[in-house]
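Report on the following structure.
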Amino acid sequence: MIIGLSRSVSLAKEISRLTGEKFVQLNSKRFPDGELYLRFPKQISRKVVLVQSMHPAPDNAIIEAIFAGKTAREIGAKKVTLAAPYLAYLRQDKRFKKGECVSNRIMAGLLDFFDEIITIDPHLHRISSLQEIFSNKARHITANQLIADFISKNHPDSILIGPDIESGQWAAEIAKKINHPFTILKKKRYSAETVRVKVHAPEVVKGRTVILVDDIISTGHTMLEPIKQLKKLGAKKIICICVHGIFAENALEKLKHAGAEVIATNTIANHAAKISVAGIIAEHINNGSFVCSAK
Ligand code: R5P
């Protein structure tokens, strides 16, 4: 049974179609005070996969997944899997300032009752694998091949740029898969809104299609800075590709306005989603064993 929770209904339908497993949507509403009501159908399968991305409104999305997961178990499911294509809170992976909440570990603790968690390209930076924060079978699969295929088919002569060191793992791997040139920039982040990025090797971008690749676009500032410079340096076309299109604070419009084309996967439902991760999730569900295909 593939259950589409509120953030991922259409992705869950696609996964259901590809796996041949039944698609189910819960009866869900808000009580007048804003609390969440959920009800499962009368018959529940032994194996249940809940599909729930953690954006928008990550806190609500997490509570919904927890309520649904625990209820599924209480009413008879023997194996409950959470397919969370975008796992929120992973970037707060350290106490940067005294007294701060290390959210990634707490979020993992809340979800650890699931028998399995599948996610796509989690933001792993200061921790090297999900096993450091989850004790259950949390596995990640990567959309790198899908992105590489998209670039190779649509922009065979492009150059790839990772806008910061953290994006390097995506940009480098995708570039390697399709034998494209790539470079990684250095970013300094002063606040959520203020970042500085310097494009080096300017001669390489002149007249070229340049593809900026990152795991997440949130406010878009990590992309906006290099876009400005790439334009000045004479790039012919600028494309931003990300796995997780959060697009906070009208980032999608800002990036388009800055002159870039924007492409995302559908780990989060968004208007730039042109690459579907349904196939790679369905494949893992069908295989029954979840392989960690990247770091
Ligand atoms: C962090 O290092 C991530 O890889 C992204 O670069 C970051 O989350 C993007 O954030 P924003 O779009 O707000 O600049």
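Just the accessible area per residue of the stretch 1-120, please: how many Å² with a 1.4 Å probe? Intermediate values should be presented prior to the final figure.
Values: 6090 Å² over 120 residues.
Accessible surface, normalised per residue, equals 51 Å².
Which FRET efficiency value, to the nearest 0.05, do you get for GLN145 and VAL204 by plugging their Cβ-Cβ distance into 1/(1 + (r/R0)^6) with R0 = 35 Å? Intermediate values should be presented prior to the final figure.
On the way: r = 25 Å, r/R0 = 0.72.
Approximately 0.90, to the nearest 0.05.
For the pairs LYS47/LYS137; LYS254/LYS274; LYS13/LYS78; LYS98/LYS137, flag any whose C-alpha to C-alpha distance is greater than 25 Å. Each step should come with its number before you reach the end.
Numbers: LYS47/LYS137 15 Å; LYS254/LYS274 19 Å; LYS13/LYS78 22 Å; LYS98/LYS137 31 Å.
LYS98/LYS137, as the Cα separations exceed 25 Å there.
At 1.4 Å probe size, with every protein chain present, just tell me what the per residue accessible area of the stretch 144-275 comes to in Å². All intermediate terms of the calculation are to be shown ahead of the outcome.
On the way: 6000 Å² over 132 residues.
Spelled out: the 1.4 Å probe surface of the stretch 144-275, per residue, equals 45 Å².
Please give the Cα centre distance for the stretch 116-142 versus the stretch 181-195, rounded to the nearest Å.
24
Charges at C-beta only: +1 for Lys and Arg, -1 for Asp and Glu. How large is the resulting dipole of the stretch 149-277 about its Cα centre, in Debye rounded to 20? Kindly include the intermediate steps, with their values, before the conclusion.
On the way: 19 positive and 13 negative charges, 101 e Å.
It works out to roughly 480 debye.
Considering the chain as a Gaussian network with a 10 Å cut-off on Cα pairs, which listed residue, ARG46, ARG139, ARG30, attains the greatest mean-square fluctuation?
Most flexible of the set in this elastic network: ARG30.
I'd like the accessible area for ASP157, computed on protein heavy atoms only with a 1.4 Å probe and all protein chains in place. Round to 10 Å², please.
Only protein atoms counted, so the area is about 120 Å².
Using the Kyte-Doolittle scale, find the helices of the chain whose mean hydropathy is at least -0.5 and whose Cα atoms extend 20 Å or more along the helix's long axis, counting only whole DSSP H runs. Show your work: numbers first, answer last.
Values: long enough: 58-74 (24 Å, -0.09).
Helices meeting the criterion: 58-74.
Compute, for LYS254, the solvent-accessible surface of its heavy atoms (probe 1.4 Å) with the complete set of protein chains present, and express it in square angstrom to the nearest 10.
80
Loop only by DSSP, 16 or fewer other Cβ within 10 Å of the Cβ. Give me the chymotrypsin sites (Phe, Trp or Tyr not before Pro) in the stretch 27-104 that pass, ordered by residue number.
When the chymotrypsin sites (Phe, Trp or Tyr not before Pro) of the stretch 27-104 are filtered for loop state and at most 16 Cβ neighbours within 10 Å, PHE96 remain.
Estimate the FRET efficiency between TYR37 and ASP59 by the formula 1/(1 + (r/R0)^6), using the beta-carbon distance for r and 25 Å for R0, to the nearest 0.05. Mind dumping the intermediate values first?
Values: r = 17 Å, r/R0 = 0.69.
Calculated transfer efficiency: 0.90.
Given a 1.4 angstrom probe, I'd like the percentage of the accessible area of the chain that is carbon and sulfur, rounded to a whole number. Numbers along the way, then the final one.
Values: 7140 of 13900 Å².
The C+S portion of the solvent-accessible surface of the chain is 51 percent.
What figure, in Å² to the nearest 10, do you get for the accessible area of LEU38 with a 1.4 Å probe and non-protein molecules left out?
For LEU38, solvent-accessible area is about 40 Å².
The values are calculated or read from the model by the stated rules, or taken from the named source; none is laboratory data. These numbers were taken from a predicted model, which means no experiment stands behind them. We place every Cβ from the backbone using ideal geometry, glycine too, and count neighbours over all the protein chains shown. Keep in mind that these areas ignore ligands, DNA and RNA; they rest on the heavy atoms of the full protein, side chains included. Shrake-Rupley method; radii C 1.70, N 1.55, O 1.52, S 1.80 Å.
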